[in-house]
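First the structure, in the form of structure tokens, and then the observations on it.
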Amino acid sequence: MKPFELLRKNSRIIGAMMMREIVTRYGREGLGFFWLAAEPLLFCLFVIVLWSFMRANNEHGIGLGPFVMTGYMSMLIIRHVLSSCMAAVQANVGLLYHRQVSIIHIYASRIVLEFLGNSIAFLIVYIILLMLSQVQLPSDVILLIGGWTLLLVQSAGVSLILSGMAMRYDFIDRIVPVLQYGLIPISGAFVMAAWLPQEFRDILLRIPFPHAVEMIRAGVFGEFVKTYYDVNYAVLWAIGLNILGLLLVSRARHYLDVE
């Protein structure tokens, strides 16, 4: 089969599974897919309003709204992709009886759905803050999109690794919620690298997630806010995580009761 035909075939399978996932989660009536964006949107707006009563409106030269938007939305996409992937195969194991459907299709459909939902929510929050004069137009749109996409790819890699391990070892499911909370301080979502002393900054930047988050902030705020990131380092981590994750989940069929 030619590469283009193979791509079209797999895209159709993933698209069909995405539609099935939307109907399964939200039903055929009402807002449907838009609830996928509504959840992170409402969470982010709630946090912005809550923090506005608890913290100064401007810290380190950055407005509260834009800081929460870039940080909290980044944290949400990590958590949502991870949560969505952990039970993906178990919830759709019946689909594997179809010869054209693979485990990778199941994960891809959920990851793409979370990416679309969180991206729409991010855009809506950005527009609202822009209308309220809390944020300016992005300083570098390419850098913003690149950082957001890179964050998704990193999240997908970690999610695939943990999901593949969870199908082999039951205890992984129990520690994932703890890991999600552990990601909050080390993801760079609620602190900027420039705010940290050099020794702590070096430790934080050994983790791939903060590089993507710093790219997002650099794309939004521009050169007026000091950011630290290494694109090559973050990309290499993203590639490595996904290769390992794909290897783990591709072999996970042996641990499922599918004939």
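The values are calculated or read from the model by the stated rules, or taken from the named source; none is laboratory data. Since this is a predicted model, take the numbers as computed values, not measurements. Here the Cβ positions follow ideal geometry from the backbone for every residue, glycine too, while neighbour counts run over all protein chains shown.
Any chance the stretch 233-244 includes a residue that's closer than 20 Å to Thr70 by Cα, at pLDDT 85 or above, out of contact with any Pro (no Cβ under 8 Å at 6 or more places or on another chain) and surrounded by 14 or more Cβ atoms within 10 Å (Cβ to Cβ)? Checked the stretch 233-244: at least one residue is closer than 20 Å to Thr70 by Cα, at pLDDT 85 or above, out of contact with any Pro (no Cβ under 8 Å at 6 or more places or on another chain) and surrounded by 14 or more Cβ atoms within 10 Å (Cβ to Cβ). Among the residues here, Ser74 does not qualify as at pLDDT 75 or above, touching an Asp or Glu at 6+ places or on another chain (Cβ under 8 Å) and either in a loop (DSSP other than H, G, I, E, B) or polar (S, T, N, Q) (or both).
The residues on offer are Ser119, Ser74, Ser133, Ser102, and the sole one that is closer than 25 Å to Val49 by Cβ, of a type outside the set (Asp, Glu) and over 20 Å from the mean Cα position of the chain (by Cα) is Ser133. Can we say Val49 is surrounded by fewer than 19 Cβ atoms within 10 Å (Cβ to Cβ), over 30 Å from Gln134 (Cβ atoms), modelled with pLDDT of 70 or more and among the hydrophobic types (A, V, I, L, M, F, W, C)? So Val49 does not fit the description; no. As a summary of the residue check, Asp140 satisfies the conditions (1) among the acidic types (Asp, Glu); (2) under 24 Å from Ser250 (Cβ atoms); (3) touching a residue at least 24 places away in the same chain (Cβ under 8 Å) except for the one numbered (2). Looking across the stretch 132-170, the residues that are hydrophobic (A, V, I, L, M, F, W, C), at pLDDT 85 or above and exposed (fewer than 15 other Cβ atoms within 10 Å of the Cβ) come down to Leu137, Val141, Ile142. Are any residues in the stretch 1-36 modelled with pLDDT of 70 or more, surrounded by 11 or more Cβ atoms within 10 Å (Cβ to Cβ) and aliphatic (A, V, I, L, M), and if so, which ones? Answer for the stretch 1-36, where residues must be modelled with pLDDT of 70 or more, surrounded by 11 or more Cβ atoms within 10 Å (Cβ to Cβ) and aliphatic (A, V, I, L, M): Leu7, Ile13, Ile14, Ala16, Met17, Met18, Met19, Ile22, Val23.
When you scan the stretch 156-259 for helices (runs of 4 or more DSSP H) that lie fully inside it, which ones turn up with 2 or more residues that are touching a residue at least 60 places away in the same chain (Cβ under 8 Å) and under 22 Å from the mean Cα position of the chain (by Cα)? Step through it out loud before you land on a result.
Numbers: elements: 171-186, 198-204, 208-221, 231-250.
Ranges flagged: 171-186, 208-221, 231-250.
Applying a threshold of 8 Å to beta carbon distances and a minimum spacing of six or more residues, or different chains, the list of pairs starting in the stretch 102-131 at a residue that is closer than 30 Å to Ile62 by Cβ and aliphatic (A, V, I, L, M) and ending at one that is surrounded by fewer than 19 Cβ atoms within 10 Å (Cβ to Cβ) and modelled with pLDDT of 85 or more reads Leu130/Gln136; Leu130/Leu137.
Here is a check on your reading of the model: is Leu82 over 22 Å from Gly219 (Cβ atoms), at pLDDT below 75 and not aromatic (Phe, Trp, Tyr)?
Answer is no for this residue.
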